[in-house]
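The values are calculated or read from the model by the stated rules, or taken from the named source; none is laboratory data. In this text, all values refer to a predicted model and were calculated from it rather than measured experimentally. Here the Cβ positions follow ideal geometry from the backbone for every residue, glycine too, while neighbour counts run over all protein chains shown.
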Amino acid sequence: MNGLRRILPLALVVCGGLLAASASAQVDITVTRKIVHRIPIAVVGLRPTRMASRGPDLAAKTQSILVSDLEFSTTFEVLPPAFLPFEPREIRLGEEEKVLPSLNQLQVQAMLAVDLTKQGKELVLEGRVYNVSRGTFLGGKRYFGDAKALRTMVHRLADEVVFWLTGERGVASTRIAFATAERRTTELYLMDYDGHNAVLATGNRSINLSPRFSPDGKLLAYTSYRDGNPDLYLLNLETGKRKKVSAVPGLNISPAWSPGGRLLALSLSKGGGTNLYLMRPTGGGLRRLTNGLGISVSPSFSPNGRQIAFTSDRGGSPQVYMVEIEGTNLRRLTFDGGYNASPRWSPRGDKIAFISDRAGGGFQIYLMNPDGSGVQQITTSGSNEDPAWSPDGRHLVFTSNRSGTKDVYVMHADGSGQKRLTRNALNNFAPDWSP
């Protein structure tokens, strides 16, 4: 943790200042039939760097993390060193512009020059991004930190590269919250988006469920049985302080944040049945949203904050419904299959992910349009549940039992690139992706 606190990004001022993410400097992305063509990018530099004479090559580790981050974004195709007409690791900062003409001849669109050096007990990571075809410098960043902070430093650089070349925020610096069941307890953990650096978030030796990040990433809402009743808590991720915000006798479960963070939706078992309610994060202003003696759970706000998708058995079996935040215009979205649940609205607003048993053999994850049309299945192996979107809407995190235990996986929004993140031989489930 001390290493993480010491990361100090410094903007590089070169040739009169940064041109970071200016509209004229960005590499164009051609979109045809919703297929995004990846930007060919060359990564140069990163001569061998060690903290000790016989220590591991931290530059090689940096290269591996950086390539993984960039390729996971679905925006870039990182060119292999053998493709380049020079030895990329021999390029030093200050010399990188001389290779732009040769890269342009190969129709490489972007170049990232990276340098990792040792400065006392610290590492200095520096990256510079170029538009190859125009021969222009787009921006650069420098980070300081110890060896323990290297992964976080690289993630931040990768996100800057995504921003400089596309104008969108990357996800390499984001985190995933999830639940882990062991014996009689279920604790919540946080880990990097790629499964590294898992840390305990609760630690109360009770049952803790349904973690949900606030839109600013500072708070984590969750349900805990620590006092006997399933109550709703908020954990401040910066201070570590916890606050109980809903303790109605019975269920206080399945929280969801409105896009602006001004409201929390949750399910309460009061007045007969389990219904959706809205309240302020302070616990005040409680307002009922649905009615009936059935079960309504798993709310998910639309990106504009005006509608909520949720699961209800009001029609006899669990199905996905939608309602306005005033409690009006309730309508059913799913009809095929006996069990459709866990809707999560994409941050882009164009799709809702949900689970269904319609294919038989367990649950699979599907996508549909917000009106219930255009259903498409995106998982097939094992039983898959708990879909949650990345903040850029390009990826999903989910739970699958395909490895024998429940584990957390990620995939791209079209179902490709499925990758297992947790490997602790325990049941890991209910993930949520931070902003």
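Just one of the numbered conditions (1) surrounded by fewer than 22 Cβ atoms within 10 Å (Cβ to Cβ); (2) within 26 Å of the chain's Cα centre (by Cα); (3) more than 17 Å from Gly374 (Cβ to Cβ) is not true of Ser317: (2). Scanning segment 48-77 for residues that are part of a loop (DSSP other than H, G, I, E, B) and among the polar types (S, T, N, Q) turns up Thr49, Ser53, Ser73, Thr74, Thr75.
Here is the figure for segment 367-394: residues that are among the hydroxyl-bearing types (Ser, Thr, Tyr) and either surrounded by fewer than 21 Cβ atoms within 10 Å (Cβ to Cβ) or not in a loop (DSSP other than H, G, I, E, B) (or both) total 4. Within this structure, Ser400 passes the test of being of a type in the set (Ser, Thr, Tyr) and buried (at least 22 other Cβ atoms within 10 Å of the Cβ). Report yes if some residue within segment 405-413 is basic (Lys, Arg) and closer than 17 Å to Ala177 by Cβ; otherwise report no. Yes, that holds for at least one residue.
A search for C-beta distances below 8 Å between a residue of segment 93-106 that is in the same structural domain as Gly140 (by TED's automatic domain parsing) and under 15 Å from Pro40 (Cα atoms) and any residue that is among the polar types (S, T, N, Q) and surrounded by 13 or more Cβ atoms within 10 Å (Cβ to Cβ), counting only pairs 6+ apart in sequence or on different chains, returns Asn104/Ser133. For segment 171-229, enumerate the residues that are modelled with pLDDT under 95 and either surrounded by 19 or more Cβ atoms within 10 Å (Cβ to Cβ) or in a strand (DSSP E or B) (or both). Glu182 - this is the single residue of segment 171-229 that is modelled with pLDDT under 95 and either surrounded by 19 or more Cβ atoms within 10 Å (Cβ to Cβ) or in a strand (DSSP E or B) (or both). Of the residues in segment 421-431, none is of a type in the set (Ser, Thr, Tyr), modelled with pLDDT of 95 or more, in a loop (DSSP other than H, G, I, E, B) and surrounded by fewer than 18 Cβ atoms within 10 Å (Cβ to Cβ).
Scanning segment 237-253 for residues that are out of contact with any Leu (no Cβ under 6 Å at 6 or more places or on another chain) and part of a strand (DSSP E or B) turns up Lys244, Ile253.
Exactly one residue among Val27, Val43, Val78 is surrounded by 15 or more Cβ atoms within 10 Å (Cβ to Cβ) and at pLDDT below 95, and that residue is Val27.
Look at segment 161-174: where a residue is without any contact (Cβ under 8 Å) to a residue 24 or more places away in the chain and a partner is assigned to a helix (DSSP H, G or I), sitting 6+ places away or on another chain with Cβ atoms under 7 Å, you get Ser173/His155; Ser173/Arg156; Ser173/Asp159. Kindly evaluate Val161 against the criterion of being within 12 Å of the chain's Cα centre (by Cα), closer than 30 Å to Asn131 by Cβ and buried (at least 23 other Cβ atoms within 10 Å of the Cβ). Against the criterion (within 12 Å of the chain's Cα centre (by Cα), closer than 30 Å to Asn131 by Cβ and buried (at least 23 other Cβ atoms within 10 Å of the Cβ)), Val161 does not qualify. Quick check on Gly292: is it modelled with pLDDT of 95 or more, part of a loop (DSSP other than H, G, I, E, B) and not charged (D, E, K, R)? Judged against the criteria, Gly292 is not a match. One residue stands out among those in segment 345-364 that are in a loop (DSSP other than H, G, I, E, B) and hydrophobic (A, V, I, L, M, F, W, C): the one that is modelled with the highest pLDDT, which is Phe363. Of all residues in segment 95-121, those that are within 21 Å of Ala59 (Cβ to Cβ), surrounded by fewer than 16 Cβ atoms within 10 Å (Cβ to Cβ) and either out of contact with any strand residue (DSSP E or B) (no Cβ under 9 Å at 6 or more places or on another chain) or among the β-branched types (Val, Ile, Thr) (or both) total 4. Of Arg348, Arg332, all but one fail to be in the same structural domain as Leu263 (by TED's automatic domain parsing), within 24 Å of the chain's Cα centre (by Cα) and surrounded by fewer than 21 Cβ atoms within 10 Å (Cβ to Cβ); the exception is Arg348.
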